[in-house]
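Rule-based calculations on the coordinates, nothing more; no lab input. Computed from a predicted model, the values in this text were never measured in an experiment. Methodologically, a virtual Cβ is constructed for each residue, glycine included, from the backbone with ideal geometry; neighbour enumeration extends over all protein chains shown.
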Amino acid sequence: MFENLSERLSGVFDRLSKQGALSDEDVKTALREVRVALLEADVSLPVARDFVKAVQDKATGQTVTRSVTPGQQVVKIVHDELVHVLAGEGEPGELKIDNAPAPILMVGLQGSGKTTTTGKLAKRLTEKNGKRVLMASLDIYRPAAMEQLRVLGQQIGVDTLPIVPGENAVQIAKRAKQQATLGGYDVYMLDTAGRLQIAQTLMQEIEDVRDAVNPRETLLVVDGLTGQVAVEVAEEFDGKIGISGVVLTRMDGDGRGGAALSMRAVTGKPIKFVGLGEKMDALETFEPDRIAGRILGMGDIVALVEKAQDTIEAEQAERMMKRFQKGRFNMNDLKMQLEQMIKMGGMEGVMGMMPGMGKMSKQMQGAGIDDTVLKQQIALIQSMTKMERANPQILQASRKKRIAKGAGLEVSDLNKLLKMQRQMADMMKKMGKMGKGGMLKQAMSGMFGKGGMPDVPAGMDPGQMDPKALEQAAKQLGSGKGGMPGLGGSSLPPGLSGFGKKK
Amino acid sequence: MAFFQKLKDRLLKSSSRLEEGLDAIVEEGGEEIREEAPETEPSETTAPDPAPEPVEDAAPDPEPVQKPAMPKPALDPAPEPRADKPGLLQRLAGRAGKPVVRRALDDDMLEQLEELLIASDMGVDTALRVTANIAEGRFGKQLSTQEIKRLLADEIARVMEPVARPLPIYPKTPQVVLVVGVNGSGKTTTIGKLASQFRAAGKSVVIAAGDTFRAAAVEQLQIWGDRAGVPVLTAPEGSDPASLAFDAMTKAQAEGADLLLIDTAGRLQNRADLMEELAKIVRVIRKKDPEAPHNTLLVLDATTGQNALSQVETFQKLANVSGLVMTKLDGTAKGGVLVALADRFGLPIHAIGVGEKIDDLAPFDPEEFAAALTGLET
């Protein structure tokens, strides 16, 4: 299968960084690859073309500063342009719902996820913004569509307009407006039927609904996996109905989300939210920085840091850091790391967010490594006594047998765990020396601590990211895994530290 | 065959951009012909007579610059006319009978053709291959829009021919058909349509509403079942789809049904847990029939871009997909990704969805698809 966009771009810029300076030819070669990568990521052709042109205009004539490689320079320009295109005016995720009852109209193609998004958004408005929300389904065509919204409403505790069979969409919309006014609702959401942008009667119906209720927000719900047709869909819906924002769904898939770029470039309307799963709370505000970073192979580092902050207590991290600096890393530390990894969404979750690790995580999947390994390793550690955990070197054959039995595993599994702990301890020692404290501290606080947060965006700057260091980190991960496929869990923490090192 | 016409109309409409693009490309080159060698331009004269032929042979004098370019046409970056093939040019022009703008097939033009194919979601690799095949042996020739379309259509039809196969029907009953796909691709609707078609063909069909996750998915399928006149087995929301599949197998066997269609919840292919759930359904129905499911259909949305490749790859690997159904081809989505899929995986394409009505499911016809995709009028 294709490499994903970030892998592809990092490959391009890797090649570029091996050359000396940023010539016109360099830029051209790189941008040709960028264009192909964008197209493979389902960015629409005209959008990809314009984007590349904009980048080229900016890139040519730029002098290469000494401290960065040409590759980094191009990455920075591409990144800035991506953010520029993706970012809209105003806060993402903000909706104009001030004067109650504010109507929100949801439109889109069939199967783009309108009903689910309606439910998610209603839940968000209710819980985060403290609004009283009424949902109404105008989908009189698809079997059981109204029923679906009613059930969703029940699940999330949001009122839905009672279903009256035989009404047309405009009648339902008017009834929703009436009920919202009478019932003192802050917001009423109208979930429309899926329609093709070329179906004239259906588009007319939506125009009638729009004229009847004057929606404050008209959100176009688009499947994040959409291909080249994204441009036409956006143009038509925006032209006929006039949308105020876009919601991208299914961004939890492995699609590369080129539709995001197309949508922004074509409509100029902000992408307000992204849908990230089937659960009713899997809706997040759209963050151009994060998406641009992801596209550029810097991984979703912001997301990683945020997740880490949610799950890891600062104090704990501080304590760990001090220990690491001294080169101490025993079973208790290892257990803590393993548990944190599970909390942060398991191996796959963490790896997916790390730059350049996409391939690794695929390899690991291929090798059959998954989160059960982490759990088994935690079980092994839990089968040790306190003394054994603090001093793993005291383990001899009889202790090992007992521990393995206690965890329901083999002694060989335990040996792997021990080896991993030793390797990690070595790594920590090296890191402590190399970083003279400061660097490690910064990395750790950036990773785990809340105080380190201001440093992180600076660290995210593409100009400062060295692709070679990334590669090295990836290799470390690879070597950690080498020869002991059952021990995938071991690889990540050194990888995490390697990740800190490159700053 | 009203479906065909409908499909074709829609597909033709949808590919209008491709057509416009082609014309634009050809005209771009064609203009240069006019400027540089007006006497060789057939589009200016409505009925080209053989008279220009000798003139063209003597063409070097208005454009002497062309001469050095001739010995190495492949290296020539400008889309200039290759005046060294007057005979062909005249023959082709004479046959067309009306003003046709032509352009020499060169690197620049090939690149633009590639882009056009890419704009139909065909993907970079496949577009490259298709254009390369067209270019083979034709490099430097003067071609018109119609000829290019014909070439593209033939090439695409050639790729698609082996994969256009209807859903095979086995003598073994009940034949179990498992329908899988990502969320919102149109699985439930497709099952409704399939059930209706098989029912019309005199088969006894049972549907298992295996999407126990999404709200009201079961109700949706029940309505389709009513429309098609087919019994639908259901389970409460949130229950195990595998156990429902098992019950459905039992029932289908007991009733001697010919076909059992099993719906599943939509799942993104990168969700390992949900793919495992799918594997469990397969394991459980194999307890009843070790050969089941006899067919596993992957339902793809035509608006999906290159992710369709990842979907097919993963579902094929983990769910043993035996055939494809592409839905929503009634929109402006061109479904060009099917060419990439045929090229890469060679999985049979059983049917295409062209609307929301119960009879909007048509067999896949490679020639019509290719003609529609390229805007070729037959």
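For the cross-link pairs A:343/A:401; A:322/A:430; A:343/A:400, the ones whose C-alpha atoms lie over 25 Å apart are A:343/A:401; A:343/A:400. Find, to one decimal place in angstroms, the Kirkwood hydrodynamic radius of region B:185-255, where the mean of 1/r is taken over every pair of different Cα atoms and then inverted. For region B:185-255, inverting the mean 1/r across all distinct Cα pairs yields 12.2 Å.
If r is the Cβ-Cβ distance from residue B:239 to residue A:412 and R0 is 25 Å, what FRET efficiency results, to the nearest 0.05? Please report the intermediate quantities before stating the final value.
On the way: r = 40 Å, r/R0 = 1.62.
The value I calculate is 0.05.
Based on C-alpha pairs under 8 angstrom that are at least 6 apart in sequence, region B:259-378 has a relative contact order of 19 percent.
Indicate the gyration tensor shape class of region A:65-189 (rounded, prolate or oblate), computed on the Cα atoms with a ≥ b ≥ c the square roots of the eigenvalues: a/c under 1.5 is rounded; otherwise a/b larger than b/c is prolate and the rest oblate.
Numbers: a/c = 3.18, a/b = 2.31, b/c = 1.38.
Prolate.
For the residue pairs A:272/A:375; A:177/A:272; A:114/A:174; A:128/B:280, alpha carbon separations beyond 30 Å are given by A:272/A:375; A:128/B:280.
Just checking the output field for A:140-151: average partner chain Cβ neighbours within 10 Å of each residue's Cβ?
Working: counts 0, 1, 6, 14, 11, 3, 2, 7, 6, 2, 2, 6.
Mean inter-chain Cβ contacts per residue within 10 Å come to 5.
Taking the charge dipole of region B:175-374 about its Cα centre, with +1 at Lys and Arg Cβ atoms and -1 at Asp and Glu Cβ atoms, the residue from B:282, B:303, B:182 reaching farthest to the positive side is B:282. Sequence-ordered 3J(HN,Hα) estimates for region A:34-47 from the Karplus curve with 6.51, -1.76 and 1.60 and θ = phi - 60° stand at 4, 5, 4, 4, 4, 5, 5, 8, 6, 6, 5, 3, x, 5 Hz, glycine and proline given as x. Averaged over peptide B:220-227, the number of partner chain Cβ atoms lying within 10 Å of each residue's Cβ comes to 2. Among the listed pairs A:120/B:251; B:251/B:357; A:53/B:317, which have their C-alpha atoms separated by more than 31 angstrom in this model? Too far apart for the 31 Å limit: A:120/B:251; A:53/B:317. Among the residues of B:109-118, the average count of other protein chain beta-carbon atoms within 10 Å of the residue beta-carbon is 2.
Answer rounded, prolate or oblate for region A:116-184, using the Cα gyration tensor with square roots of eigenvalues a ≥ b ≥ c: rounded when a/c is under 1.5, else prolate when a/b is larger than b/c, else oblate.
Here region A:116-184 falls in the oblate category.
Take the alpha carbon gyration tensor of region B:175-374, find the square roots of its eigenvalues, order them as a ≥ b ≥ c, and report rounded if a/c is under 1.5; if not, report prolate when a/b exceeds b/c, else oblate.
Working: a/c = 1.69, a/b = 1.35, b/c = 1.25.
Judged from the Cα gyration tensor, region B:175-374 comes out prolate (a/c at least 1.5, a/b above b/c).
When B:139, B:369 are sorted by how many other C-beta atoms sit within 10 angstrom of their C-beta, beginning with the fewest, the order is B:139, B:369.
Suppose a student asked you for the relative contact order of region B:175-374, using Cα pairs under 8 Å spaced at least 6 residues apart; what percent would you report? Please list the in-between numbers first.
Numbers: 390 pairs, mean separation 49.2, N = 200.
After rounding, I find 25 percent.
Taking amide hydrogens as placed 1.01 Å from N in the peptide plane, the amide H of residue B:304 sits under 5 Å from those of A:227, each at least 5 positions away in sequence or on another chain.
Relative protection proxy for A:238-250, B:351-363, B:325-337, from highest mean packing down: B:325-337, A:238-250, B:351-363 (other beta-carbon atoms within 10 angstrom). As a ratio to 2.2 N^0.38 Å, the alpha-carbon radius of gyration computed for region A:102-286 takes the value 0.94. When only Cα pairs below 8 angstrom with a gap of at least 6 residues are kept, region A:102-286 shows a relative contact order of 27 percent.
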